[in-house]
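Notes follow once the structure below has been shown.
FYI, it's all coordinate maths here, none of it is from the lab. A quick note: this is a predicted structure, and the numbers were derived from the prediction, not measured. Cβ atoms come from the backbone with ideal geometry, glycine included; neighbour counts cover every protein chain shown.
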Amino acid sequence: MPHTVPSCSFPSYWLPELVHSFSSSLCSLPVATQILQRRTFSGADAINALRPFYFAVHPDFFGQHPREREVNENSLKRLNGYLENLQRPGVRTHKPAKLTFYVRETTVKKDAQNESLVSDKNELANSGFRSVSFTLHSKDVLSTVMDVLTSCSLSVEHLQDLKSSTAPPKDFQRAGEPFYRPIKWDKTYYTFTGFRDPEQELEQARNVEPTLSLWLRNNEAEAAKKQKDSLPRREELTRLKDALCQKLDLTDIRWQRTWGVAHRCCQLQSLSRLSQQNPESLHNLQGHTIVFADQSGMKASGHVMLGTMDVHHQWSKLFEQLPSYQALLQQSEWLKERISLLLGGIQVVHIEGMGPVLSLEEHYSTLNTFYKRLLPQRLALHPRSLQGLTMTLENNHSSPRLHEMGHFIVPTAYDTFRLQTFFQSNVQEARNRMRRREQMEAEEAAVMLQCLGELSLLSLRKQPSITSRQMIPCCQRLMEERCPALQGLHLCISHFYSVMQDGDLCIPWDWKG
């Protein structure tokens, strides 16, 4: 396994959390009858059924491919959210989910010494990966699992028996504690059969991470060469971006993902060609910020998203619809103001980088639903009692909570009178956390600037998933280590080691000294 695979623990979307969240909805009967009766296809069943899929797309195996790793991380979160919604009682409508995964290609190696044991000794061998995109419309867990596996060209033979046994009997009852749990094979199973243990491979992948100095010694020359080769492309990117911003009167041009410089140049050149071929279609872009993203539309923030897989016709159609989007954005802002007046001055916000990209349509729908629930209640909150605080809205039936960064996370379906009590009980703690967040952000900015100068870096940035609490000690340790190999390079703090295609260095925030 390459040493560039990260050493972080399993992300939140990995098996233990899924089993825990899905198991809460399992149905059970007295043990004596459970063993004999058929049962529904549960969340725990889904986890076991999708094990080949998780093994093929798990981000830990894409350490040398940061863009593909990020795509898989985001798609896994969306897939698991879709499965959780299917398990949630009372939810009858499910929005289709369009997902993209990079699937590791595998080939079967034969045991040359004993052909009769081939079926028992299949070995996985990496041979690159392929991109797979599909849309989920399923209304139940089993169909969703089948769709995922078939879309990725993975075997569904292990599900054939389950398909005929998922209908619950007429006398099926929900009572007691769930008896079912996912199968966890004993290590002797893998020794006897010759199959590879996926959990063991992941553990080995995490344990091979080198020290920072060793990794830099092995990769500094490659990074320097790639960076030198990318200089003309970087200059062209800056020129194209400045020219388009000036020509179209744009506020800014950004990218949702960490695409390479050449890829970004191609996207800007495509937009430039459209501006020459059909200039009248771009008049509505004035004053906007463009974000090259996975799909076209408008973000909750009001930024215009251009889908990188879309053609010029789709972009032009979006530009024609911008006045309608602008009207919807104004209605969203009006709803935020009304909610703030009803809830003591608290501001509804959407925090970029926390969760999937939120479209303006989804944001408006969430605001409107919450406002309609809130309006008839007329809560007894002082007009300025929550002023200076922020909250985000979620479309689920969970309980409200206070984020470590100081903002409230509020489910739209939560009882409004209980919400008032929750706000009043946590208002002081929220203000304390906000102050600590502001202090940490200021400290982070200062230590990043200091690190940039002391290490003579060309640039220093971090991935959105890296918190200030992680970034600050990382920079402090880098200044203590004083690695001369970093001088004159672009450095990104991430969760893994990698040399990007343009020479940028990615190192984990918790790198080993």
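Per-residue Karplus couplings for the range 257-263, computed as 6.51 cos²θ - 1.76 cosθ + 1.60 with θ equal to phi - 60°, are listed in order as 10, 8, 5, x, 4, 4, 5 Hz, Gly and Pro entered as x. With θ taken as phi - 60° and the Karplus curve 6.51 cos²θ - 1.76 cosθ + 1.60 applied, the whole-hertz 3J(HN,Hα) list for the range 312-321 is 4, 4, 5, 5, 4, 4, 5, 4, 5, 8 Hz, x standing for glycine and proline. Distant-in-sequence amide contacts of Lys98, defined by a placed amide H-H separation under 5 Å and a gap of 5 or more residues or a different chain, comprise Leu136. The GluC sites (Glu not before Pro) of the range 358-444 meeting both criteria, a DSSP state outside H, G, I, E and B (loop) and at most 13 other C-beta atoms within 10 angstrom of the site's C-beta, are Glu404. Taking label points 7 Å from Cα along the Cα-to-Cβ direction, Arg51 and Gln450 give a separation of 4.9 nm.
Once the Cβ-Cβ distance between Ser316 and Arg461 is put in as r, and R0 is 30 Å, what FRET efficiency do you end up with, to the nearest 0.05? The value I calculate is 0.35. Between Glu394 and Val410, Thr412, the built amide H atoms are under 5 Å apart, and every one of these is 5 or more places off in sequence or on another chain.
The distance between label points at Lys139 and Gln428 comes to 5.1 nm (points 7 Å beyond Cα on the Cα→Cβ vector).
Computed about the Cα centre, the dipole magnitude for the range 261-348 is approximately 120 debye when only Lys and Arg (+1) and Asp and Glu (-1) carry charge, each at its Cβ.
Stretched out straight at 0.36 nm per residue, the stretch from Thr211 to Asn85 would grow longer than its current Cα-Cα span by 41.2 nm.
Packing here is the average count of other Cβ atoms within 10 Å per residue, and on that basis the peptides 477-483, 373-379, 47-53, highest first, run 47-53, 477-483, 373-379.
Distance between the modelled labels on Asp510 and Arg338, one decimal in nanometres: 4.6 nm (7 Å Cα→Cβ projection). Applying the Karplus relation 6.51 cos²θ - 1.76 cosθ + 1.60 with θ = phi - 60° to the range 389-406 yields 3J(HN,Hα) values of 9, 10, 8, 10, 10, 10, 8, 8, 10, 7, 9, x, 8, 9, 6, 4, 7, x Hz, where x marks Gly and Pro. For the range 436-513, the share of DSSP beta bridges that are antiparallel, to the nearest 5, is 20%. The length gained on full extension between His283 and Cys245, counted as 0.36 nm times the residue separation minus their Cα-Cα distance, comes to 12.4 nm.
Note on Val156 and Glu480: the extension gain reaches 111.4 nm, defined as 0.36 nm multiplied by sequence separation minus the Cα-Cα distance. For Phe129, the amide hydrogen comes within under 5 Å of the amide hydrogens of Glu105, counting only partners 5 or more places away or on other chains and with H modelled in the peptide plane. At an R0 of 45 angstrom, the distance between the Cβ atoms of Gln326 and Arg257 translates into a FRET efficiency of 0.95.
Set the Förster distance to 41 Å, then compute FRET efficiency between Glu441 and Asp147 from the Cβ-Cβ distance, nearest 0.05. With a Förster radius of 41 Å, E is 0.45. One way to sum up the overall shape of the range 283-417 is the equivalent ellipsoid from its Cα gyration tensor, whose semi-axes run 31, 15, 13 Å, largest first.
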